[in-house]
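Undergrad: Sharing a structure below in structure tokens format, with a few things to ask.
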Amino acid sequence: MTEEPVAQMLARAIQLVRERRKEEGRGLLLRVIERDENNEQAWLWLSGVVDDPRDMQVALVNALTINPTNEQARRGLVMLRQRYGDLLAEEIAAPVPAPAPAQAADAEEPITFLCYNCHTELEGVLLGDGSYVGPDTCFSCRAIVHCCENCSKKREVACREREGIRGGAATKTRNKCLEWRPQSI
């Protein structure tokens with residue numbers, strides 16, 4: 001049996017949403033994003049079928065990351081921020097600076113890993129307290145580095161529940177999980 005093309009899955013998901021079959025549409029949109037995380041339309045439609053305003057913002061930020069000129073996503077994000085505030089402000093903070101030489105002595109584990117999105121080789125340091133010091137985003141594709149998608153435990157649901165990370169869109173935003181460990185190469 002052949003896999004359904006992404007474009008066909010997206011069209012079916014949009015049809016389900018238009019028929020007010022939100023749960024089914026959301027599930028199919030998440031499958032589209034799993035197969036093509038750079039699908040701007042899937043992120044845009046997903047923002048309309050998730051219940052949590054934070055997940056809505058995540059989806060719209062992802063759509064704007066793919067296409068910064070998407071006015072529909074921009075207007076939606078402005079509206080959500082006016083109503084709820086910036087629910088992602090802590091997670092999309094300024095990039096973490098590279099460690100100063102004095103901090104490097106405290107480092108427990110230098111790491112080299114691949115970006116989950118474009119497979120560019122990245123380097124960072126895991127400190128003794130579990131925190132990560134290194135690039136906040138991939139210098140090649142701008143994907144968030146410290147996120148569930150880049151973690152060797154990305155299939156573990158318990159980890160995300162403990163950290164309060166909900167929804168498929170949230171797995172691609174920066175988090176503060178101290179159990180985060182990238183898959184080393």
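Undergrad: Taking the condition loosely packed, with under 12 Cβ neighbours inside 10 Å, part of a helix (DSSP H, G or I) and at pLDDT below 75, does residue 108 pass?
TA: In short, no.
Undergrad: Let me ask something additional. For segment 1-99, list the helices (runs of 4 or more DSSP H) that sit wholly inside it and hold at least 1 residues that are within 30 Å of residue 126 (Cα to Cα) and modelled with pLDDT of 85 or more; which are they?
TA: Qualifying helices (runs of 4 or more DSSP H): 22-35, 53-66.
Undergrad: Further, regarding this structure: May I ask you to verify whether residue 20 is loosely packed, with under 13 Cβ neighbours inside 10 Å, farther than 21 Å from residue 116 by Cβ and out of contact with any strand residue (DSSP E or B) (no Cβ under 9 Å at 6 or more places or on another chain)?
TA: Criteria met by residue 20.
The values are calculated or read from the model by the stated rules, or taken from the named source; none is laboratory data. Keep in mind that what you see is a predicted model, and the values were worked out from it rather than measured. Neighbour counts run over all protein chains shown; Cβ positions are idealised from the backbone, glycine included.
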